[in-house]
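The structure appears right after this line, and notes come after that.
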Amino acid sequence: MKRTSYEKDSNGEYAELFLNVRDFIKICIGNDAKEKHSENITTLYSKEGGFCYIKVKENYIHIGWFRGRYINDKYNFLFGKGKTIRGQKVYKLDKITRDSIKYYVNETSIFLFGHNELKKLKISL
């Protein structure tokens, strides 16, 4: 049986940072935070939709914000040119990093709320 990314990341060299980032994101999402473990990534989401995935890279934790393209990046931490996902590199969970994660979770929540409301309107039309 193949190991999940979570099993690898939570037992590797950067396990402590990985688990701290994961726990902090879950706290920011709130009580309905859930996670899914696959072979390649650990995904964090709520009933409203997906927030991000996390994965250990060479010497940092990679957060892939699913709605990153739609987030106003006031911290200028996001990178990438994908259709929607933008990445964030976390080397340490200091105050500025915690503040940016809180902000990106909040911006994702706002996006998901608006997106889900639009879907409800379309269904009712």
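For the range 1-30, the set of residues classified as touching a His at 6+ places or on another chain (Cβ under 8 Å) and acidic (D, E) consists of E7 only. Looking only at residues of the range 1-54 that are within 30 Å of K119 (Cβ to Cβ) and basic (K, R), we find that the one that is modelled with the lowest pLDDT is K47.
The single condition from (1) surrounded by fewer than 10 Cβ atoms within 10 Å (Cβ to Cβ); (2) modelled with pLDDT under 90 that N116 fails is (1). From the set of residues in the range 8-27 that are open to solvent by 60 Å² or more (accessible area, probe 1.4 Å) and of a type in the set (S, T, N, Q), which is nearest to V105 (Cα to Cα)? Looking at residues that are open to solvent by 60 Å² or more (accessible area, probe 1.4 Å) and of a type in the set (S, T, N, Q), I get N20.
Pairs meeting the criteria (first residue in the range 85-98 and open to solvent by 40 Å² or more (accessible area, probe 1.4 Å) and at pLDDT 95 or above, second residue aromatic (F, W, Y) and assigned to a loop (DSSP other than H, G, I, E, B), beta carbons under 8 Å, at least 6 apart or on different chains) are I85/F66; K89/Y60; K89/F77; Y91/Y60; I96/Y75.
For (1) surrounded by 15 or more Cβ atoms within 10 Å (Cβ to Cβ); (2) in a strand (DSSP E or B), each residue gets a yes or a no:
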| residue | (1), (2) |
| --- | --- |
| L44 | yes, yes |
| D73 | yes, no |
| N76 | no, no |
| K83 | no, no |
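Going through (1) touching a residue at least 12 places away in the same chain (Cβ under 8 Å); (2) of a type outside the set (S, T, N, Q); (3) over 23 Å from I110 (Cβ atoms) one by one, I71 falls short only on (3).
Being under 17 Å from S10 (Cα atoms) and in a strand (DSSP E or B) is the requirement here; does K36 meet it? It is true that K36 is under 17 Å from S10 (Cα atoms) and in a strand (DSSP E or B). Hey, among the residues in the range 46-69 that are open to solvent by 30 Å² or more (accessible area, probe 1.4 Å) and either under 11 Å from the mean Cα position of the chain (by Cα) or among the aromatic types (F, W, Y) (or both), which one's nearest to K92 (Cα to Cα)? So the residue we want is Y60. Within the range 91-106, the set of residues being touching a helix residue (DSSP H, G or I) at 6+ places or on another chain (Cβ under 7 Å) and aliphatic (A, V, I, L, M) comprises L93, I101, V105.
The values are calculated or read from the model by the stated rules, or taken from the named source; none is laboratory data. Values in this document were obtained by computation on a predicted structure and should not be read as measured data. Cβ sites come from the backbone with ideal geometry, for glycine too, and all protein chains shown count toward neighbours. Side chains included, ligands, DNA and RNA excluded: accessible areas come from the protein's heavy atoms. Shrake-Rupley method; radii C 1.70, N 1.55, O 1.52, S 1.80 Å.
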